[in-house]
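We did not get these values from a lab; they are worked out from the coordinates using the rules stated. In this text, all values refer to a predicted model and were calculated from it rather than measured experimentally. Positions of Cβ are backbone-derived with ideal geometry, glycine not excepted, and every protein chain shown enters the neighbour counts.
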Amino acid sequence: MTAELKVSELSVTYGDVAAVRIDELSLDAGEFGVLLGPSGAGKTSSLKAIAGLLPGAAGAVHLGGRDISRTAPEERDIAMCFESYALYPHLTVRKNLEFPLRAPRRVRELTAQERRRRVDEVADVLGLGQLLERRPAQLSGGQRQRVSLGRALVRRPTLLLLDEPISHLDAKLRNGMRAELKRMQRDMGVTTLFATPDQGEAFALGDRVFVLDAGELRQVGEPTELYLRPSNVRVAELLGAPRINLVDGEVRGQRVTVLGLERPAEGLRDGPVLVGLRPADLTVGGHRELEAAVVAVQPLGNAAIVTVKVSGQTLRVLTQGAFDEWQVGDAVGLGVRSGSLLLFDPVTTMCVKAGI
């Protein structure tokens, strides 16, 4: 079973500190939503409030059209998985998976045969079929994480909440688990809200991404939309790696000038603007659109972050290929991809033009 989620006027307060203030958040039935934000943004508090685990939280939560705002956590038909595995070390994988089905209400609803069938089904989806008689100490980190997920899924929840469930895995395991999570969610069709500080993870998994910062939703949309058309400076800073370059520019006579470069800017009032230049949209060498000097080179294997200075401004450039092509002190040409500039109001920080 799957259902839509609607949250409105959600707030979480710790003492005098307002940790979360979300006017509206909704997920379609079967959608994979990602709550993206830095540490301290309020991601965990938001998930716990939706699950009913924070008594002091206020607001309305509707799941499948049913108001569950005042429903006890165990009655909400929501499963939540945390970063910690929280597995019982003395139980086998099978018994760990079955544990949620042994709650008094579940025991009344399900026979022993039905519980076993559910465990087998989830184990098959997660690739745990050959590990059911092992104990957690005999499993790898990725396998233990799948058991933790399976324990949430075996309940067949209407809504699955995942709080940074793979952030502690190494890069190789994390990439593999991303693919497994996406496949698993599609196979089971469960409405899912996944919290992470990793924008790469958010873009890889999310049908839609909810950008949370300082307890407030800054923007909601599909990953590509958020990257190309961020609503404000903060969203632009949170999306993209390396971080976006922000430099001062000027609009005069329907044209914007930045770093000595001019581009058309129809429809904008004359005055100062803040210009966003993503490192991936800049090139070093080749066409000399701007003159720059290399001040640092950070190798990334088959790519590098080259830091340059142009017109007194320091910019990060994400390059592909051999990093030893550039040395500190080199004079180089700097190119700016057409249609890549983002213009922000320097006072409100809102985006006033994208794709310049």
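Here are the numbers for this structure:
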| item | result |
| --- | --- |
| Within the chain, longest stretch clear of exposed trypsin sites (Lys or Arg not before Pro) (DSSP loop, no more than 13 other Cβ within 10 Å) | 71-242 |
| All-pairs Cα distance distribution in segment 216-281, expressed in whole percent, bin size 10 Å | 20, 44, 32, 4 |
| Of the GluC sites (Glu not before Pro) in segment 49-152, those whose Cβ has at most 13 other Cβ within 10 Å and which sit in DSSP loop | Glu133 |
| Distance (nanometres) between label positions extended 7 Å along Cα→Cβ at Gln130 and Ala303 | 3.5 nm |
| Segment 256-302 - Rg over Rh from alpha carbon coordinates, Kirkwood radius | 1.04 |
| Greater than 25 Å apart at Cα, pairs in Lys48/Lys353; Lys43/Lys182; Lys48/Lys182; Lys182/Lys353 | Lys48/Lys353; Lys182/Lys353 |
| Cα gyration tensor category, rounded, prolate or oblate, for segment 48-90 with a/c compared to 1.5 | prolate |
| Global form of segment 1-125, assessed from the alpha-carbon gyration tensor, a/c cut-off 1.5 | prolate |
| Hydrodynamic radius (Kirkwood) for segment 287-356, which is based on Cα pairs only, to one decimal in Å | 13.5 Å |
| Relative contact order %, segment 309-356, counting alpha carbon pairs below 8 Å whose residues are six or more apart | 24 percent |
| Relative pair counts by distance (%), Cα atoms of the chain, 10 Å bins | 5, 21, 25, 21, 15, 9, 3, 0 |
| Value at 222 nm in deg cm²/dmol, rounded to 500, when DSSP H runs of n ≥ 4 in the chain each add -39,500 (n - 2.57) | -7000 deg cm²/dmol |
| Local net charge near Ala57, Cβ-Cβ under 12 Å (Lys/Arg +1, Asp/Glu -1) | +2 |
| Listed residues Ala292, Ala137, Ala60, most fluctuating in the chain (Gaussian network, C-alpha, under 10 Å) | Ala137 |
| Gained length - Glu9 relative to Arg183, 0.36 nm times residue gap less alpha-carbon distance | 59.4 nm |
| Prolate/oblate/rounded call for segment 19-70, Cα gyration tensor, a/c under 1.5 rounded | oblate |
| Rounded to 5, percent antiparallel among DSSP beta bridges of segment 5-231 | 55 percent |
| Measure of compaction for segment 241-354 (Cα Rg per 2.2 N^0.38 Å) | 1.09 |
| Calculated FRET value between Glu24 and Tyr88, using beta carbons and R₀ = 41 Å, to 0.05 | 0.60 |
